[in-house]
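The values are calculated or read from the model by the stated rules, or taken from the named source; none is laboratory data. All values derive from a computational prediction rather than experimental measurement. Reconstructed Cβ throughout: ideal geometry from the backbone, glycine too, with neighbour counts over all protein chains shown.
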Amino acid sequence: MKKEFNDTGVCIKDEHFMVDTTPKIENIFDLIERKKYFIMNRPRQFGKTTALYRLHKELLVKDDYLTILLSFEGSGDDVFQDADIFCTYFVNVFNRKLKQYYPNQQIFINLNFETIEKGFDKLSLQITDFVQKVEKKVVVLIDEVDKSTKNQLFLHFLGLLRNKYLERDTLPFSTFHSVVLVGIHDIKTIKLKLRPDEEKKFNSPWNIAVDFKVNMFFNPAEISTMLLQYSTERNIQMNIQKLSERIFYYTSGYPFLVSKMCKVIDEILLPEKENQTEWDLEDVENSFKYLIREDYVTTIFDDLAKNLENNRELYETTKDIIFNGAKIPFNLSEPMISLGHVYGIFDKDERYCKIHNRIFEQKIYLHFLATMIRLREYNNFNDLSDVYSSPYGTLDMPKILRKFQEFMKENYSQRDANFIEREGRLIFLSFLKPIINGRGFDFKEPNIGEERRMDIVITYTTNIYILELKIWRGEAYHQQGLEQLSDYLDTYNKKEGFLLIFNFNQKKEFKEENIEFGDKSILAIWV
């Protein structure tokens, strides 16, 4: 079977090109060796289940371990209606997995719950009896626990495991050696309502769990192990180090995105190239552009939009970071920040929140922009491409910026500075959208810093334009911004750039200036 890059489901070594995650698996196994209970909580499509299946496979061949991999997904709500039903279901699934994984060993639980009123008490005794009889380190792995934690009976089950964990030093071998849960959320902080008359509070049934600190991102060196497999098997030439670093630049090592970028190159871009035996950095750039297209939708991108739309505070905070460079402390004890981190939206940049990776940032940016265009009257612009473009496929950027300056002067000169600072960039990007619509697109570079700037790359037919949006913070920041824009122009081998400055001083002028900065020519427009 011909291997491929996999972006759905579990990765299988014989079928898919995979990153070598051996050090990560070893770190996880070290937690198991030390009898830890923990949850592998990471965002969606982060390689959790693939890691779990590999861990399970390796535990199966260890003589001193007995491992059971479970999932309550798809079990139905009836399982969680009654304690006896839940315990019976758990035992039946446990027995079935034992027969599947250890067909030659007669070590099965035999329980009958028909006459037992207190199911969890009986289950607790049976777990103790089972562990003592098998005389092995019993490890239970439970996948997809997020859905189960909505059911109180499952939380009681976790409470049972917690109590047995606390007692295991006084009752040797009385419980499972290690329990590993896999899901998106950290169950240690789940809100549990124990009784109908008790107000909701943080009361974790899993506060025995250790923090899961294994880094599940793929660094450039790890990405290179997958590219090496691919290049060897397919006889494809590539500079593995540079390609790995560039893929990491766009993905920040998010496992799904790493595989997705490679899959796009292999299955979509490479067949269109004259030389189909070579990857280069332009392929990575084109893969990025393919994934950030507004019409390209996949489950993970759809989830990003839904998670933002379902939480207004998260939505507004994320928008403020993307468009205004807001400095939001990365504090996971803050519920909204923690939620953004759980969804894979936020990561830590020194002390502050940043958008996790450049692909997510661009998809979120486009989502915000589309929403603003749809909902705001001031974004109701017609198709202006013919007005600002030439028959040769070029944009008249000076004309676009001057027209926007005129538009702002006529429509927003009396609006308060706070509104313009908050919405100014969105207004311009909304103004720009119908001009390039259908013939190009724009994407932003995540480099807003203390100078409050925002670089926009505009592609139109085969042409590229570099535009910086910034808020006026004085001459020192202005010079710093020019230097950084000049450096950014170098990355695209451009000598011409454009600067749109939002000035909120009361005596501001709507002016323009042609700036010669080193070997660069920059047109600056103030609004």
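Which pairs do you get when a residue that is of a type in the set (Phe, Trp, Tyr), found in segment 508-527, comes within reach of a residue that is part of a strand (DSSP E or B), reach meaning Cβ atoms under 9 angstrom, with the pair 6+ apart or on two chains? These pairs meet every condition: 510/525; 510/526; 517/497; 526/500; 526/501; 526/502; 526/512; 526/513. Where helices (runs of 4 or more DSSP H) fall entirely within segment 276-346, those with at least 1 residues that are over 29 Å from residue 419 (Cα atoms) are at 281-291, 299-309, 335-342.
The numbered conditions (1) part of a loop (DSSP other than H, G, I, E, B); (2) more than 17 Å from residue 177 (Cβ to Cβ) are all true for residue 54 except (1).
For segment 472-507, the candidate set comprises residues that are touching a strand residue (DSSP E or B) at 6+ places or on another chain (Cβ under 6 Å) and touching a residue at least 60 places away in the same chain (Cβ under 8 Å); within that set, the residue that is nearest to residue 325 (Cα to Cα) is 502. None of 359, 328 is in contact with a strand residue (DSSP E or B) (Cβ under 9 Å, 6 or more places away or on another chain) and either modelled with pLDDT of 80 or more or in the same structural domain as residue 256 (by TED's automatic domain parsing) (or both) except 328. Checked against (1) touching a Phe, Trp or Tyr at 6+ places or on another chain (Cβ under 9 Å); (2) buried (at least 17 other Cβ atoms within 10 Å of the Cβ); (3) more than 22 Å from residue 257 (Cα to Cα), residue 325 meets all criteria but (1). A single entry from 231, 252 fulfils the requirement of being at positive phi, surrounded by 15 or more Cβ atoms within 10 Å (Cβ to Cβ) and not β-branched (Val, Ile, Thr): 252. Inspect segment 377-391 for any residue being at pLDDT below 90, polar (S, T, N, Q), within 16 Å of residue 428 (Cα to Cα) and crowded, with 17+ Cβ neighbours inside 10 Å and give the result as yes or no. Taking every residue of segment 377-391 in turn, at least one turns out to be at pLDDT below 90, polar (S, T, N, Q), within 16 Å of residue 428 (Cα to Cα) and crowded, with 17+ Cβ neighbours inside 10 Å.
Kindly evaluate residue 263 against the criterion of being among the basic types (Lys, Arg), at pLDDT 95 or above, out of contact with any Lys or Arg (no Cβ under 9 Å at 6 or more places or on another chain) and part of a helix (DSSP H, G or I).
For residue 263, the condition - among the basic types (Lys, Arg), at pLDDT 95 or above, out of contact with any Lys or Arg (no Cβ under 9 Å at 6 or more places or on another chain) and part of a helix (DSSP H, G or I) - is met.
Checking the stated criteria, residue 28 turns out to be at pLDDT 95 or above and closer than 19 Å to residue 183 by Cβ.
Residue by residue, here is whether (1) touching a helix residue (DSSP H, G or I) at 6+ places or on another chain (Cβ under 7 Å); (2) closer than 20 Å to residue 186 by Cβ holds:
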residue: 303; (1), (2): no, yes
residue: 308; (1), (2): yes, no
residue: 313; (1), (2): yes, yes
residue: 316; (1), (2): no, no
residue: 320; (1), (2): no, no
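Based on what the data block shows, is residue 401 modelled with pLDDT of 75 or more, touching an Asp or Glu at 6+ places or on another chain (Cβ under 9 Å) and of a type outside the set (D, E, K, R)?
Numbers: modelled with pLDDT of 75 or more: yes; touching an Asp or Glu at 6+ places or on another chain (Cβ under 9 Å): yes; of a type outside the set (D, E, K, R): yes.
Yes, satisfied.
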